[in-house]
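What follows is one structure encoded as structure tokens, with my remarks underneath.
The values are calculated or read from the model by the stated rules, or taken from the named source; none is laboratory data. Predicted, not measured: the structure shown is a model, and the values here were computed from it. Reconstructed Cβ throughout: ideal geometry from the backbone, glycine too, with neighbour counts over all protein chains shown. Each accessible area value is taken on the protein alone, full model and side chains, heavy atoms only, with ligands, DNA and RNA left out. Shrake-Rupley method; radii C 1.70, N 1.55, O 1.52, S 1.80 Å.
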Amino acid sequence: MKLIAANWKSNPDTAKTAERLALAEDYEGVIIIPPFQYLERVRSVLKHASLGAQNVFWENGGPFTGEVSPSQLKNLSVSFVIAGHSERRAYLGETDDMINKKIKAALSEGLQVILCVGEPIQIRKDGIRSAKDFITNQIRYDLRGVKRSDAKKVIITYEPIWAISTSQNAEPDIPEEAAEICAYIKNLVNVRGVIYGGSVNAKNAKEFLGRDDIDGALVGGESLKPKEFQKIVSAATPLV
Ligand code: 13P
């Protein structure tokens, strides 16, 4: 079964809209990842989908203003946390060292991790080999010290930065090349799965999700549009 994760990023503006969105996206195999402030409300309406959080801190409690701890998330019935999203790497200066600490803290609390990796456009322009080298470094660093048994609780998202719909001149990766990189990642580390993210929509979903080497999708923009999102889900599993 393919995994479809809905990363709502910093949307929507009200809890009522979040609840409506959650109800429309509540399918088996889906992970709904709302902003922190809606986690509880979203959890209360979900019957089939799992719940994820967009970030996590590496300490449980203490003087860390604005941070959300692994145990707080666990106690809200959160099952997954995102680590290493390129938006946080790029715009908030999140380093591989910070990401590594987050991943280890989350795993030790029993949370599963969605680790995002992906290269900037300049690297990809140098060829697919350069992209592979770049993400190999990210994965090696981000998963440093993670036990083999814990790595089975990690899902890696291959999300090339230039393919994220909000990036300048964004376009989705060529499905065949995305699949090649996902297969490469699977050879590199023994994780629960490797999914693709970056401008996935109702039209191209089948091209990505139809490939054996791609275990699912991390969807940003289109996860805010219930009808489009439902089509993406049905490209993975027929809804009826
Ligand atoms: P888009 O689906 O909007 O390209 O976003 C991808 C993403 O960043 C998901 O985490």
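Only one of these conditions is not met by Lys203: (1) in contact with a helix residue (DSSP H, G or I) (Cβ under 7 Å, 6 or more places away or on another chain); (2) part of a loop (DSSP other than H, G, I, E, B). Which number is it?
Here Lys203 clears every test but (1).
Name the residue that is most open to solvent (accessible area, probe 1.4 Å), counting only residues in segment 150-164 that are assigned to a helix (DSSP H, G or I) and over 14 Å from Ser108 (Cβ atoms).
Ile161
Do we find a residue being within 16 Å of the ligand (Cβ to nearest atom), hydroxyl-bearing (Ser, Thr, Tyr), closer than 24 Å to Asp133 by Cβ and open to solvent by less than 80 Å² (accessible area, probe 1.4 Å) anywhere in segment 167-179?
yes
Any residue in segment 131-159 that is within 18 Å of Lys2 (Cβ to Cβ) sitting within a Cβ distance under 9 Å of a residue that is of a type in the set (Lys, Arg) and in a helix (DSSP H, G or I)? List the pairs, counting only those 6 or more apart or interchain.
Correct list of pairs: Ile156/Lys186.
Would you be able to say whether some residue in segment 209-232 is surrounded by fewer than 19 Cβ atoms within 10 Å (Cβ to Cβ), at pLDDT below 95, within 15 Å of the ligand (Cβ to nearest atom) and over 18 Å from the mean Cα position of the chain (by Cα)?
no
Only one of Tyr184, Tyr196 is on the phi < 0 side of the Ramachandran plot, within 12 Å of the ligand (Cβ to nearest atom) and hydroxyl-bearing (Ser, Thr, Tyr). Can you tell me which?
Selected residue: Tyr196, the only one of Tyr184, Tyr196 that is on the phi < 0 side of the Ramachandran plot, within 12 Å of the ligand (Cβ to nearest atom) and hydroxyl-bearing (Ser, Thr, Tyr).
Give me the helices (runs of 4 or more DSSP H) completely within segment 1-119, filtered to those with at least 2 residues that are within 24 Å of Lys152 (Cβ to Cβ) and open to solvent by 40 Å² or more (accessible area, probe 1.4 Å), ordered by residue number.
Result: 70-75, 96-108.
Quick check on Ala205: is it within 14 Å of the ligand (Cβ to nearest atom), small (Gly, Ala, Ser) and open to solvent by less than 50 Å² (accessible area, probe 1.4 Å)?
Working: within 14 Å of the ligand (Cβ to nearest atom): yes; small (Gly, Ala, Ser): yes; open to solvent by less than 50 Å² (accessible area, probe 1.4 Å): yes.
Yes.
Restricting the search to segment 188-200, which residues are open to solvent by 30 Å² or more (accessible area, probe 1.4 Å) and in contact with a strand residue (DSSP E or B) (Cβ under 8 Å, 6 or more places away or on another chain)?
Answer for segment 188-200, where residues must be open to solvent by 30 Å² or more (accessible area, probe 1.4 Å) and in contact with a strand residue (DSSP E or B) (Cβ under 8 Å, 6 or more places away or on another chain): Val189, Arg192.
Quick check on my filter: what residues within segment 23-46 are over 18 Å from Ile82 (Cα atoms) and not polar (S, T, N, Q)?
Leu23, Ala24, Glu25, Asp26, Tyr27, Glu28, Arg41, Val45, Leu46
If I go through segment 55-90 residue by residue, how many of them are within 16 Å of the ligand (Cβ to nearest atom) and either basic (Lys, Arg) or more than 17 Å from the chain's Cα centre (by Cα) (or both)? Break it down stepwise before answering.
Taking segment 55-90 and keeping what is within 16 Å of the ligand (Cβ to nearest atom), we get 55-56, 80-90.
If we keep only those that are either basic (Lys, Arg) or more than 17 Å from the chain's Cα centre (by Cα) (or both) as well, we get 88-89.
Final tally of qualifying residues: 2.
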